[in-house]
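What follows is a single structure, written as structure tokens, with notes after it.
The values are calculated or read from the model by the stated rules, or taken from the named source; none is laboratory data. What you are looking at is a predicted structure, and each value in this text was computed from that prediction instead of being measured. Neighbour counts are summed over all protein chains in view; Cβ atoms, including those assigned to glycine, are modelled from backbone coordinates with ideal geometry.
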Amino acid sequence: MSALCTDDREQGPKHVVPQDPLMAPTTTVPSVSDIEVPETLLKKRKQNEKAREERVLAAVAARKAGKAKRKVVFKRAEAHVKEYLAKEKEEIRLKRAARTAGDYYVPAQA
């Protein structure tokens, strides 16, 4: 190639057709603002939004109820632990009392 040849891409667009203001526009595609959204689609969007809000509210309520239930279950478990520890301590006390008196202690059957 000679030094006088240049790359075609450097020269820019070759075919520029000026638009005549009296001619109709060459495009027939409507703009975004001209397009009407179908009513069924609008209804579906509204219905989906309402269902989403209801799901969010239900999830919040379920989370709150679960938290309250966990508190109740934990309190109940604490009460059971306290009860069993008290029974064990009482068994130990009765065994010691029987041993100091020289007797035998027979634990109750469950």
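This table checks each residue for (1) surrounded by 10 or more Cβ atoms within 10 Å (Cβ to Cβ); (2) at pLDDT 80 or above.
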site	(1), (2)
2	no, no
15	no, no
18	no, no
24	no, no
31	no, yes
36	no, yes
60	yes, yes
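The residues on offer are 53, 36, and the sole one that is part of a helix (DSSP H, G or I) and not polar (S, T, N, Q) is 53. Take the conditions (1) touching a Lys or Arg at 6+ places or on another chain (Cβ under 7 Å); (2) modelled with pLDDT of 95 or more; residue 105 misses just one of them, which is (2).
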